[in-house]
């Protein structure tokens, strides 16, 4: 019997689910292996009977925790997909601000009606079995994780920084091009896709397990960034992880 | 020496490009840097470059390469013979030519790597003498700024013409077939080339404060200076850039890439680097080089000491790529070694060059990356997380292993892992492995059943010296799963009982439910010719245990043996060795009477991929069995 899979979204843009919906031919091969029972972005049907739950988005309200816990209860495997679900994502930028101000900015005079708390990755609420990092996720890595789960093995997610992939791809280092990059502390696995295209690594896959943050900040400053800008580089995606460290 | 005008040289290059049977690679601009790439026309070629981002090794040892394909129905297959064309590399600097010669020796030592050499042998190297030197380059100090060997053709820019040194018949034939208006060099050309080469020797902007032949000895004197390494590695990002761009680095990882059917796939190798955090980490989570300074030190030792001791060359050609790619600027070998020289000589110590080691590189056939198909013929649960698998090779052959050797076990779609053989070679037809459910592969293996197919490569490693041990008393000391490799020797000795002296087995586990081979141990207890002593670290209240309670070392004072005639064979978890060895020494067992078997991350099994390396030793090839007297001075060993 094919494993049943379901997709869920919390605070996020649903861009990761869109990556899955956009798998094209590979989607058909995937559907030979799994049965999708819930996927709001592409189908009306819904079932609570599933084996693997893919969860996009971060948890930004206390009441979302119940829904996450329900998913955890129903699923054999919970897979966090995308930056928001895996590392808190850019939602965590609000954690640097006063949360009442945040509410007023978004909801104006209705602010009192809407609850909020510090944005967090879903593993801050429930245990997570596997992670598909990235903003958005890459289709290749999504398939890699699905295959690993179906084969009963641990997905092979790098614990080395993006520099490894940049070097293999023979990119000119972003710093050599006069840009500022957080690739040296960011978990690889994206095949350095942004730097390949001439831009920088923003850090969407989060920090490696043991980043040398001080050295990276010194490098940013040595190459001409102000201290504040160097700190901001770390806030964009690393907010939740930095606070935990 | 020959001469060709630049105009005719361009025509030569264009006629090479036009020939579809050739793959013409040359140095081209990439942003404000340079890189080797496919040449579309002679106009793209930039022989005035300083250094390329990656060295040309990527054409022989690519970033990603299929080693094996598999399908669940039929087994494992070698990659299809590559349909590659001969590759012409145009514009290789002398230091990169020397680096390729280093790689040649490394890839053919002991066993030859077929994937490297199929491409290497089909290549033609057209070198060029350096016109612009990168500001990081220190090749003149490494003797690699110019070269007289290792190329098919070597170019020197003489303004309106190139001087060409012909280095091989292949080079000669290439000129004959594709170049027009090639003339013999005149005396003035020969003199000019000589002058250019002398200029190159003075081009480096880097400066060594001492003779680089002292490097191996300087390193020997600096291993223990931990504050020196901590200071230099403090800013290390562990990003691996220094090793990934290195022309002589060759460490690799092997990964499984199943397709979506989950029934087929490929096994690939990719570049890896010893600076990366998980490089020496094994499935149980143990990391044998966990800190940045230890990994940073390992890189310099590998280049300047370990490979020197094995091959006689310092494995650095002075290209300066590591220096230029290191953002915190801590990878420059010139800075490190100058500081090391100061550090060592400041204490008044004399540093003299060491003698060249004796080098003999022997090759016994090719590395076989393709596993043999095998069948699980029996699966016996041993404990709550360990299982004994009996395996038969499908081609009907015996494994022909020695006690203490290991095999690489493949599980379709998951990959390969080193597992020691648990049965004695006296058992024919099948062999056994005792496996703990700990990583992906071993967990998956536990879901397989009798009749299921797996892959086997090997046996690998040296194994126990059964001949030498004949007539000796043997004290086996097993901790936990260490009984698995030990059992191959124990059963061998028991099957040839008359050949060996007294046999004692000390076997320690955490608790009774962890004990393996319970029936066999019970049988040992009854034997008169074996002294068997089990122990558990602790026993839960509701379980029965008649043996000793305490860690394994508590058994050592309880047994009688003559240290003069006894050889102790010790196998257990990494933490166990130093305690057991200390207690054996208290009983006057000489160092060379202690034999251990070590566990590391063994990926290739043939001393190439670098993962199992402890200092200068490859565990997969030089071990896993070691005489303690040989490794007690190897700091990373125990």
Failed criterion for residue B:450 (all others in (1) surrounded by fewer than 19 Cβ atoms within 10 Å (Cβ to Cβ); (2) within 32 Å of the chain's Cα centre (by Cα); (3) more than 14 Å from every other protein chain (Cβ to nearest Cβ) hold): (2)
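Condition check ((1) within 14 Å of chain A (Cβ to nearest Cβ); (2) more than 27 Å from residue B:457 (Cβ to Cβ); (3) touching a residue at least 12 places away in the same chain (Cβ under 8 Å); (4) part of a loop (DSSP other than H, G, I, E, B)) across all residues:
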{"residue": "B:250", "(1), (2), (3), (4)": "no, no, yes, yes"}
{"residue": "B:254", "(1), (2), (3), (4)": "yes, no, yes, no"}
{"residue": "B:260", "(1), (2), (3), (4)": "yes, no, no, yes"}
{"residue": "B:270", "(1), (2), (3), (4)": "yes, no, yes, no"}
{"residue": "B:293", "(1), (2), (3), (4)": "yes, yes, yes, no"}
{"residue": "B:298", "(1), (2), (3), (4)": "no, no, yes, no"}
Qualifying residue in segment A:223-234 (condition: modelled with pLDDT of 95 or more and either facing chain B (nearest Cβ under 10 Å) or in contact with a helix residue (DSSP H, G or I) (Cβ under 6 Å, 6 or more places away or on another chain) (or both)): yes
Segment B:223-235 residues that are away from every other protein chain (no Cβ under 14 Å), paired with ones that are surrounded by 14 or more Cβ atoms within 10 Å (Cβ to Cβ) and in a loop (DSSP other than H, G, I, E, B) (beta carbon under 9 Å, 6 or more apart): B:223/B:615; B:228/B:222; B:229/B:222; B:229/B:223
Unmet requirement for residue A:67, which otherwise passes all of (1) at pLDDT 95 or above; (2) closer than 23 Å to residue B:260 by Cα; (3) surrounded by 13 or more Cβ atoms within 10 Å (Cβ to Cβ): (2)
Residue in segment B:278-287 that is over 28 Å from residue B:220 (Cβ atoms) and in contact with a strand residue (DSSP E or B) (Cβ under 8 Å, 6 or more places away or on another chain) present: yes
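Filter the strands (runs of 3 or more DSSP E) completely within segment A:42-148 down to those with at least 1 residues that are out of contact with any helix residue (DSSP H, G or I) (no Cβ under 6 Å at 6 or more places or on another chain) and closer than 26 Å to residue A:2 by Cβ. Even if it seems obvious, please write down each step before you answer.
Working: elements: A:52-56, A:77-81, A:130-132.
Here the list reads A:52-56, A:77-81.
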Residue list for segment B:102-111, filter: touching a strand residue (DSSP E or B) at 6+ places or on another chain (Cβ under 9 Å) and outside any strand (DSSP E or B): B:108, B:109
Condition broken by residue B:284, with the remaining ones in (1) within 14 Å of chain A (Cβ to nearest Cβ); (2) buried (at least 16 other Cβ atoms within 10 Å of the Cβ); (3) touching a residue at least 60 places away in the same chain (Cβ under 8 Å) satisfied: (2)
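Quick check on residue A:164: is it in contact (Cβ under 8 Å) with a residue 40 or more places away in the chain, in a helix (DSSP H, G or I) and within 14 Å of another protein chain (Cβ to nearest Cβ)? Full working, then the answer.
Values: in contact (Cβ under 8 Å) with a residue 40 or more places away in the chain: no; in a helix (DSSP H, G or I): yes; within 14 Å of another protein chain (Cβ to nearest Cβ): yes.
No, not satisfied.
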Filter result for residue B:246 (modelled with pLDDT of 95 or more, within 18 Å of residue A:167 (Cβ to Cβ) and part of a helix (DSSP H, G or I)): no
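Of B:99, B:163, which residue is buried (at least 20 other Cβ atoms within 10 Å of the Cβ) and in contact with a strand residue (DSSP E or B) (Cβ under 6 Å, 6 or more places away or on another chain)?
B:163
Kindly evaluate residue B:7 against the criterion of being over 34 Å from the mean Cα position of the chain (by Cα), away from chain A (no Cβ under 14 Å) and part of a loop (DSSP other than H, G, I, E, B). Working first, answer last.
Working: over 34 Å from the mean Cα position of the chain (by Cα): yes; away from chain A (no Cβ under 14 Å): yes; part of a loop (DSSP other than H, G, I, E, B): no.
The answer is no for residue B:7.
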Single condition residue A:242 does not satisfy, out of (1) touching a helix residue (DSSP H, G or I) at 6+ places or on another chain (Cβ under 7 Å); (2) more than 9 Å from every other protein chain (Cβ to nearest Cβ); (3) touching a residue at least 40 places away in the same chain (Cβ under 8 Å): (3)
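Conditions tested, residue by residue: (1) in contact with a strand residue (DSSP E or B) (Cβ under 7 Å, 6 or more places away or on another chain); (2) surrounded by fewer than 16 Cβ atoms within 10 Å (Cβ to Cβ); (3) touching a residue at least 40 places away in the same chain (Cβ under 8 Å).
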{"position": "B:2", "(1), (2), (3)": "yes, no, yes"}
{"position": "B:21", "(1), (2), (3)": "no, yes, yes"}
{"position": "B:49", "(1), (2), (3)": "yes, no, yes"}
{"position": "B:66", "(1), (2), (3)": "yes, no, yes"}
{"position": "B:76", "(1), (2), (3)": "yes, no, yes"}
{"position": "B:87", "(1), (2), (3)": "yes, no, yes"}
{"position": "B:113", "(1), (2), (3)": "no, no, yes"}
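Among B:415, B:404, which is outside the structural domain of residue B:73 (by TED's automatic domain parsing), crowded, with 22+ Cβ neighbours inside 10 Å and more than 29 Å from residue B:568 (Cα to Cα)? Before the answer, list the steps.
On the way: B:404 fails: more than 29 Å from residue B:568 (Cα to Cα).
Selected residue: B:415, the only one of B:415, B:404 that is outside the structural domain of residue B:73 (by TED's automatic domain parsing), crowded, with 22+ Cβ neighbours inside 10 Å and more than 29 Å from residue B:568 (Cα to Cα).
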Evaluation of residue B:315 against (1) farther than 30 Å from residue B:130 by Cβ; (2) more than 12 Å from chain A (Cβ to nearest Cβ); (3) in a loop (DSSP other than H, G, I, E, B) (one fails), failing number: (1)
Unmet criterion (only one of (1) more than 25 Å from the chain's Cα centre (by Cα); (2) within 14 Å of another protein chain (Cβ to nearest Cβ); (3) without any contact (Cβ under 8 Å) to a residue 40 or more places away in the chain) for residue B:240: (1)
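When you scan segment B:535-638 for strands (runs of 3 or more DSSP E) that lie fully inside it, which ones turn up with 3 or more residues that are out of contact with any strand residue (DSSP E or B) (no Cβ under 9 Å at 6 or more places or on another chain) and free of Cβ contacts under 8 Å to residues at least 40 places away in the same chain? First the steps, then the outcome.
Working: elements: B:566-571, B:594-597, B:625-627.
Correct list: empty, since no element meets the threshold.
Counting only residues that are under 19 Å from residue B:29 (Cα atoms) and more than 11 Å from chain B (Cβ to nearest Cβ), which one in segment A:167-198 is surrounded by the fewest Cβ atoms within 10 Å (Cβ to Cβ)? Before the answer, list the steps.
Quick first cut of segment A:167-198, residues under 19 Å from residue B:29 (Cα atoms) only: A:167-178, A:195-198.
Right, trim to more than 11 Å from chain B (Cβ to nearest Cβ) and you get A:195-197.
Numbers: A:195: 24, A:196: 14, A:197: 8.
If we take residues in segment A:167-198 being under 19 Å from residue B:29 (Cα atoms) and more than 11 Å from chain B (Cβ to nearest Cβ), then A:197 is surrounded by the fewest Cβ atoms within 10 Å (Cβ to Cβ).
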One residue from B:501, B:458, B:471, B:463 being in a loop (DSSP other than H, G, I, E, B) and closer than 17 Å to residue B:405 by Cβ: B:463
Residue match in segment A:100-112 (condition: surrounded by 14 or more Cβ atoms within 10 Å (Cβ to Cβ), more than 20 Å from residue A:19 (Cα to Cα) and touching a strand residue (DSSP E or B) at 6+ places or on another chain (Cβ under 8 Å)): no
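Out of everything in segment A:145-161 that is in contact (Cβ under 8 Å) with a residue 60 or more places away in the chain and more than 7 Å from every other protein chain (Cβ to nearest Cβ), what residue ends up being nearest to residue A:198 (Cα to Cα)? Even if it seems obvious, please write down each step before you answer.
The initial filter retains those residues of segment A:145-161 that are in contact (Cβ under 8 Å) with a residue 60 or more places away in the chain, namely A:145-146, A:149-150.
Now restrict to residues that are more than 7 Å from every other protein chain (Cβ to nearest Cβ): A:145-146, A:149.
Numbers: A:145: 28, A:146: 30, A:149: 34 Å.
Within segment A:145-161, the match that is nearest to residue A:198 (Cα to Cα) is A:145.
Being at pLDDT below 95, touching a strand residue (DSSP E or B) at 6+ places or on another chain (Cβ under 9 Å) and not assigned by TED's automatic domain parsing to the domain that holds residue A:89: is that true of residue A:156 here?
Values: at pLDDT below 95: yes; touching a strand residue (DSSP E or B) at 6+ places or on another chain (Cβ under 9 Å): yes; not assigned by TED's automatic domain parsing to the domain that holds residue A:89: yes.
Taking the combined requirement at face value, the residue satisfies it.
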3 or more residues under 30 Å from residue B:213 (Cα atoms): qualifying strands (runs of 3 or more DSSP E) within segment B:120-200: B:123-128, B:153-157
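The values are calculated or read from the model by the stated rules, or taken from the named source; none is laboratory data. As the structure is a prediction and not an experimental result, all values here were calculated from the model. Cβ coordinates were reconstructed from backbone atoms using ideal geometry, including for glycine residues, and neighbour counts include every protein chain displayed.
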